[in-house]
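Asker: Below is the structure I would like to discuss, written out as structure tokens.
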Amino acid sequence: MVEKVYVTYNQVHKLCQASAPRILADFKPNLMIAIGGGGYVPARILRSFLKQPGSANIPIQAIGLSLYESLGTDTQVEEPGTKVTRTQWLDLGSLEMANLIGKNVLIVDEVDDTRTTLEYAVKELEKDVAVAAKEAGRKEETQFSIFVLHNKDKPKKGHLPKEMTDDNRYLAAVTVGDVWINYPWEATDIEEHDRMAAQQSAK
Ligand code: 5GP
């Protein structure tokens, strides 16, 4: 059976706090895009630690992605395998999309498992921003970086752009094995969740 790891709100808070200096120094984000639902809470906590005296809070935009298993029976349309579908996105031509042009954008999610979701998010956001910039006749470079609470150390199905890896624009607060992580926002009984987390850390 896959090992389960219980993570508490306080641990999430501290992981964001510990990661903030590196994010501020290296990624210098002007804007965050939280991948829902797991990226919302970390993005909100991180925002408090990224706040600089005299500057405004960093805005957070939300996108929603979900994974599905395609059997590839309709071979005209797609190959079999894990696919990503958008449940929420930024409208092309919208103010939110135009707002990304020329910015340092930090994509936030809770966990990098197979990397399918992150690959999709980076690729599609880069593509859409390029279209929006072209339409607006703007040439500033938009730079994406990634923050996740946990990266699972395992072979990845998804890949990030080479420039992103080369520039080191990826940060995982913690690298774990191929375990299943229970996040506090998924818990229906938070006291029990915290008890399980405490039991684990006492081992
Ligand atoms: P991916 O395989 O694309 O990297 O991750 C897809 C999504 O699966 C994640 O955004 C997350 O919602 C979910 N997921 C993957 N591994 C875990 C895990 O260990 N715990 C929880 N709670 N969700 C996970």
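The values are calculated or read from the model by the stated rules, or taken from the named source; none is laboratory data. This is a predicted model, so every value here is computed, not measured. With ideal geometry, Cβ positions are generated from the backbone for all residues, glycine too; neighbour counts draw on all protein chains shown. To get the accessible areas, we keep the full protein, side chains included, count just its heavy atoms, and leave off ligands, DNA and RNA. Shrake-Rupley method; radii C 1.70, N 1.55, O 1.52, S 1.80 Å.
Asker: Just to verify a result, which residue in the stretch 166-183, among those that are more than 14 Å from His150 (Cα to Cα) and touching a residue at least 12 places away in the same chain (Cβ under 8 Å), is least open to solvent (accessible area, probe 1.4 Å)?
Answerer: Arg169
Asker: Moving to a separate point now. Only one of (1) away from the ligand (no atom under 16 Å from the Cβ); (2) without any contact (Cβ under 8 Å) to a residue 40 or more places away in the chain is not met by Gln143, so which one is it?
Answerer: Failed condition: (2).
Asker: When you scan the stretch 151-165, how many residues do you find that are farther than 20 Å from Pro29 by Cα, open to solvent by less than 60 Å² (accessible area, probe 1.4 Å) and not polar (S, T, N, Q)?
Answerer: Of the residues in that region, 4 qualify.
Yes or no, residue by residue, for (1) among the polar types (S, T, N, Q); (2) open to solvent by 20 Å² or more (accessible area, probe 1.4 Å); (3) in contact with a strand residue (DSSP E or B) (Cβ under 7 Å, 6 or more places away or on another chain):
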residue: Met1; (1), (2), (3): no, yes, no
residue: Lys28; (1), (2), (3): no, yes, yes
residue: Ile35; (1), (2), (3): no, no, yes
residue: Tyr40; (1), (2), (3): no, yes, yes
residue: Leu50; (1), (2), (3): no, no, no
residue: Val84; (1), (2), (3): no, yes, yes
residue: Leu90; (1), (2), (3): no, no, yes
residue: Leu100; (1), (2), (3): no, no, yes
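Asker: While we're here: Could you check the stretch 184-201 and list, in sequence order, the residues that are within 11 Å of the ligand (Cβ to nearest atom) and free of Cβ contacts under 8 Å to residues at least 40 places away in the same chain?
Answerer: Within the stretch 184-201, the subset within 11 Å of the ligand (Cβ to nearest atom) is 184-187.
The answer is Glu186, Ala187.
Asker: Further question on the same structure: So which strands (runs of 3 or more DSSP E) stay within the stretch 1-107 end to end and still have 1 or more residues that are out of contact with any Pro (no Cβ under 8 Å at 6 or more places or on another chain) and at positive phi? Break it down stepwise before answering.
Answerer: Details: elements: 4-6, 31-36, 60-70, 81-88.
The qualifying strands (runs of 3 or more DSSP E) are 81-88.
Asker: Moving to a separate point now. Kindly indicate whether any position in the stretch 116-132 is of a type outside the set (A, V, I, L, M, F, W, C), within 16 Å of the ligand (Cβ to nearest atom), open to solvent by less than 40 Å² (accessible area, probe 1.4 Å) and under 26 Å from Val176 (Cβ atoms).
Answerer: Yes: one or more hits.
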